[in-house]
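The next block holds one structure in the form of structure tokens; read it before the comments.
The values are calculated or read from the model by the stated rules, or taken from the named source; none is laboratory data. Predicted model only: the values in this text are computed from it and were never measured. As a convention, Cβ positions derive from the backbone with ideal geometry for all residues, glycine included, and neighbour counts pool all protein chains shown.
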Amino acid sequence: MADRGPEFKAKLAALAAWPGRMLFPPTCLACASRVAEPGSLCAACWRETVFLERPWCAVLGIPFTHEMGEGAVSPAAIADPPPYARARAAVSYRGVARRLVQGLKYRDRTDLAPWMAAWMARAGAELLADADLIVPVPLHRRRFFLRRFNQSAELARAISACGGIAFRGDLVARVRSTRKQVGLKAKERAENVRGAFAVTGKGAALLRGRNVVLVDDVVTTGATVAAVTKALLRGGAARVDVLAFARALPGDFLQDEQDPI
């Protein structure tokens with residue numbers, strides 16, 4: 001006879017959770033409408049969400065319109081190779097994804113981080129399989145004081161908890177306060193963060209020879225993650241991969257919209 005213990009425990013757990021779900025029913029992460037399961041999207045928000053899937057550029061993780069073959073690299077990566085080895089993101093930065101990022105970043109919705117991190121872990125599975133450390137893009141202490149938390153660190157900590165990979169938020173610091181990247185062109189963004197990051201004393205001791213996954217909420221031009229990557233490599237990291245929740249693709253911003261990142 002089959003062991004029915006696990007099935008019985010699952011039913012018991014569901015029964016125990018029932019009063020809480022009646023009092024606090026699960027809601028859509030993006031619009032707060034009722035859903036069947038916690039941490040999910042309603043049908044309308046799901047249809048709006050553009051998940052980034054293969055085939056994609058092996059370096060930048062930008063989707064191709066058709067199959068290009070294993071290991072294919074986009075013209076953008078060939079023309080301007082990034083300092084990191086690979087970048088991946090879970091979703092395109094539009095619609096629902098934009099609301100989730102802004103909710104986490106500007107409206108203190110830290111409850112979103114574990115669910116967003118789960119999507120990221122799926123998109124970046126090949127990166128995480130090779131990782132020794134997970135490191136978030138740091139905030140300058142002044143901005144951290146105003147915001148009270150680092151959204152990239154919240155995501156990185158949740159990914160670490162899911163995959164059992166060491167999270168270290170103290171290996172690289174933003175040593176220079178920079179302008180917000182809002183409204184800046186690609187070259188201006190790169191100049192804005194040039195020299196803004198440096199490996200800490202702890203980082204110098206712990207990074208050498210390690211494979212690092214650098215976590216951020218959104219990648220637009222890639223200027224910020226490139227600048228942090230260069231600091232990590234100078235500090236002794238063997239390789240840096242980048243994992244973001246969202247990636248801005250052509251068409252993600254309307255011409256009359258102000259860049260909210």
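Tabulated results
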| item | result |
| --- | --- |
| Condition met for Ala153 (outside any strand (DSSP E or B) and not hydroxyl-bearing (Ser, Thr, Tyr)) | yes |
| Positions within region 68-96 being under 17 Å from Ala248 (Cβ atoms), without any contact (Cβ under 8 Å) to a residue 60 or more places away in the chain and either within 16 Å of the chain's Cα centre (by Cα) or in a helix (DSSP H, G or I) (or both), in sequence order | Ala76, Ala77, Gly95 |
| Total residues in region 170-180, condition buried (at least 17 other Cβ atoms within 10 Å of the Cβ) and within 22 Å of Val213 (Cβ to Cβ) | 4 |
| Residue match in region 177-198 (condition: under 29 Å from Cys28 (Cβ atoms), part of a loop (DSSP other than H, G, I, E, B) and among the β-branched types (Val, Ile, Thr)) | yes |
| Contacts under 6 angstrom Cβ, first residue in region 134-154 being under 14 Å from Leu243 (Cα atoms), partner among the acidic types (Asp, Glu) and at pLDDT 95 or above, 6 or more apart | Val137/Asp216; Gln151/Asp217; Ser152/Asp216; Ser152/Asp217 |
| Any hit, region 81-96, residues being at pLDDT 95 or above, more than 24 Å from Arg148 (Cα to Cα) and surrounded by fewer than 15 Cβ atoms within 10 Å (Cβ to Cβ) | yes |
| Flag for Gly201 being touching a residue at least 12 places away in the same chain (Cβ under 8 Å) and either in contact with a Lys or Arg (Cβ under 8 Å, 6 or more places away or on another chain) or loosely packed, with under 14 Cβ neighbours inside 10 Å (or both) | no |
| Criterion: charged (D, E, K, R), touching a residue at least 12 places away in the same chain (Cβ under 8 Å) and at negative phi - qualifying residue of Arg99, Arg47 | Arg99 |
| Some residue of region 105-118 being among the polar types (S, T, N, Q) and part of a helix (DSSP H, G or I) | yes |
| Region 13-53, subset exposed (fewer than 11 other Cβ atoms within 10 Å of the Cβ) and in a loop (DSSP other than H, G, I, E, B), residue modelled with the highest pLDDT | Glu53 |
| Qualifying residue in region 115-123 (condition: surrounded by 14 or more Cβ atoms within 10 Å (Cβ to Cβ) and either on the phi > 0 side of the Ramachandran plot or of a type in the set (Val, Ile, Thr) (or both)) | no |
| Hey, Asp130 surrounded by fewer than 16 Cβ atoms within 10 Å (Cβ to Cβ), in contact (Cβ under 8 Å) with a residue 60 or more places away in the chain and of a type in the set (Asp, Glu) or not | yes |
